[in-house]
């Protein structure tokens, strides 16, 4: 129950809260008027009791006619991608499994061993305990039958990358229905790859752009369901204040040409020359070092980072060679997803001049959900997120020359360094407008929670369940 002028977090006229999805708000219409608030609560409770009684009576009538109440049959859904960890597939898998566990008649079946349990909080670990035995059982069956296909009686969601690539185990495990979940940036497919894709009963694309590319090849069983955000983690909150004397610019995503960090480096170098207090806060860890080749193709940077004996990228040293001093950068390395919001909220602005995203860029989504003013390249999967009232779009998008990693780059975009700098300047000059857009972004992302997105996914799969 809220007074007439509540704390800013509760807004002024909403009956729900983006920070507490299960809460319902009851407000005073004028100062001191608690009687109407109390009556609203009473009316709401009375309505709930009446509806509950009607549902019970209806179920009683049905049971008396049939003589028995049959429980809903539990249906299994196989998850062929990782569960947990800091990578996109692992975040997707974890939240998908947790949401399915909340639905009484559904049970997730992880096909891949959950190797990052120690990074999860005890509540999440305990919730996953009931399904931890599945991966070992499946791996045992695969090992005992090395040359055979393992057929199951439940639907399986399989991760697909560029050219519909998936793991050998996912090829060997077949479900009653096989559904591909794809995030593909390469827009060129060979005929045999399209024939392979047609074998999937359905393909779920991570963005409208990705879905349109697939349909252009004649694939008709394609639906769009974007990723989600965890609102208990990614929401607006106060900064720690530890970087209060810096203008903090966040940049995230594995370091590679496609993610556009070379553009970030070039723009930050110019911006810092005007604003020496600027700090580049970056999460650029890359598990696949070969994907960094070509990062210097656009001539924004010189060379590539080296790797130390522990396999860690020496990004700060590389940036100093590119004209950015060590005290102007903070490299957070690889971090668990649960810690990411604490880092994101230190930023005054986030920048994503990505050349292409098959999905909607999970890190960018999490930045928007935290209410961080966010600069986004207006291309590919980012287009699902972009509206000028909730972000800072980079509208100049030149054609990208295809690289050794990607044969097709239709729809990709090369952002202009000067436009990135201008958007940074706009945020720097007008903090109130930046905050307004950040708040609008956080409100928008409340319709993209994992709970909502998993329900959208289940709706797409309803005829298979």
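Quick check on my filter: what residues within the range 187-231 are over 15 Å from the mean Cα position of the chain (by Cα), part of a loop (DSSP other than H, G, I, E, B) and surrounded by fewer than 21 Cβ atoms within 10 Å (Cβ to Cβ)?
188, 190, 198, 199, 200, 201, 216, 217, 218, 219, 220, 221
Residues that are under 24 Å from the mean Cα position of the chain (by Cα) and farther than 22 Å from residue 212 by Cβ: does the range 412-422 have at least one?
yes
Being closer than 15 Å to residue 353 by Cβ and either touching a helix residue (DSSP H, G or I) at 6+ places or on another chain (Cβ under 6 Å) or free of Cβ contacts under 8 Å to residues at least 40 places away in the same chain (or both) is the filter here, so list the residues in the range 400-417 that pass it.
415, 416, 417
Hey, does the range 295-313 have a residue that's under 25 Å from the mean Cα position of the chain (by Cα) and assigned to a loop (DSSP other than H, G, I, E, B)?
Looking for residues that are under 25 Å from the mean Cα position of the chain (by Cα) and assigned to a loop (DSSP other than H, G, I, E, B), one finds at least one in the range 295-313, hence yes.
For residue 450, all conditions in the list (1) within 22 Å of the chain's Cα centre (by Cα); (2) at pLDDT below 95 hold save one; what is the number of the exception?
(2)
Given the conditions (1) assigned by TED's automatic domain parsing to the domain that holds residue 264; (2) in contact (Cβ under 8 Å) with a residue 60 or more places away in the chain; (3) out of contact with any helix residue (DSSP H, G or I) (no Cβ under 9 Å at 6 or more places or on another chain), and given that residue 422 satisfies all but one, which numbered condition is not satisfied?
Going through (1) assigned by TED's automatic domain parsing to the domain that holds residue 264; (2) in contact (Cβ under 8 Å) with a residue 60 or more places away in the chain; (3) out of contact with any helix residue (DSSP H, G or I) (no Cβ under 9 Å at 6 or more places or on another chain) one by one, residue 422 breaks only (2).
What number of residues in the range 68-81 are outside any strand (DSSP E or B) and either out of contact with any helix residue (DSSP H, G or I) (no Cβ under 9 Å at 6 or more places or on another chain) or at pLDDT below 90 (or both)?
Count: 7.
Across the range 267-305, which residue is farthest from residue 247 (Cα to Cα) among those that are in contact with a strand residue (DSSP E or B) (Cβ under 8 Å, 6 or more places away or on another chain) and surrounded by fewer than 17 Cβ atoms within 10 Å (Cβ to Cβ)?
Ranking the candidates gives 289 first.
Please verify whether the range 290-304 includes one or more residues that are within 21 Å of residue 335 (Cβ to Cβ) and touching a helix residue (DSSP H, G or I) at 6+ places or on another chain (Cβ under 7 Å).
no
So which of 104, 108 is modelled with pLDDT of 90 or more, part of a strand (DSSP E or B) and within 23 Å of residue 459 (Cβ to Cβ)?
108
Report every pair of residues separated by at least 6 positions or lying on different chains whose Cβ atoms are under 8 Å apart, first residue within the range 60-89 and under 28 Å from residue 463 (Cβ atoms), second in a helix (DSSP H, G or I) and modelled with pLDDT under 90.
Final answer for the pair search is 69/59; 69/62; 69/63.
Is there a residue being in contact (Cβ under 8 Å) with a residue 60 or more places away in the chain, in a helix (DSSP H, G or I) and crowded, with 21+ Cβ neighbours inside 10 Å anywhere in the range 156-165?
No, the range 156-165 contains no residue that is in contact (Cβ under 8 Å) with a residue 60 or more places away in the chain, in a helix (DSSP H, G or I) and crowded, with 21+ Cβ neighbours inside 10 Å.
In the range 315-344, what residues are under 19 Å from the mean Cα position of the chain (by Cα) and buried (at least 20 other Cβ atoms within 10 Å of the Cβ)?
337, 340, 341, 344
Would you mind stating whether residue 328 is over 28 Å from residue 118 (Cβ atoms) and either touching a strand residue (DSSP E or B) at 6+ places or on another chain (Cβ under 8 Å) or in the same structural domain as residue 362 (by TED's automatic domain parsing) (or both)?
For residue 328, the condition - over 28 Å from residue 118 (Cβ atoms) and either touching a strand residue (DSSP E or B) at 6+ places or on another chain (Cβ under 8 Å) or in the same structural domain as residue 362 (by TED's automatic domain parsing) (or both) - is met.
So which residues in the range 140-155 are in contact with a strand residue (DSSP E or B) (Cβ under 9 Å, 6 or more places away or on another chain), loosely packed, with under 15 Cβ neighbours inside 10 Å and part of a helix (DSSP H, G or I)?
Residue satisfying the conditions is 141 alone.
So how many residues does the range 335-352 have that are within 20 Å of residue 256 (Cβ to Cβ) and touching a strand residue (DSSP E or B) at 6+ places or on another chain (Cβ under 8 Å)?
5
Could you say whether any residue in the range 237-255 is closer than 23 Å to residue 404 by Cα, free of Cβ contacts under 8 Å to residues at least 60 places away in the same chain and assigned by TED's automatic domain parsing to the domain that holds residue 359?
Yes, the conditions are met somewhere in the range 237-255.
Within the range 418-438, track down each residue that is surrounded by 17 or more Cβ atoms within 10 Å (Cβ to Cβ), more than 21 Å from residue 357 (Cα to Cα) and in contact with a strand residue (DSSP E or B) (Cβ under 8 Å, 6 or more places away or on another chain).
424, 427, 428, 434, 437, 438
So residue 383 clears everything in (1) over 20 Å from the mean Cα position of the chain (by Cα); (2) surrounded by 17 or more Cβ atoms within 10 Å (Cβ to Cβ) except one condition, right? Which one?
Only one criterion is unmet by residue 383, namely (1).
The values are calculated or read from the model by the stated rules, or taken from the named source; none is laboratory data. If you're wondering where the values come from, they're calculated on a predicted model, not measured in any experiment. Note: ideal-geometry Cβ built from the backbone for every residue, glycine included; neighbour counts use all protein chains shown.
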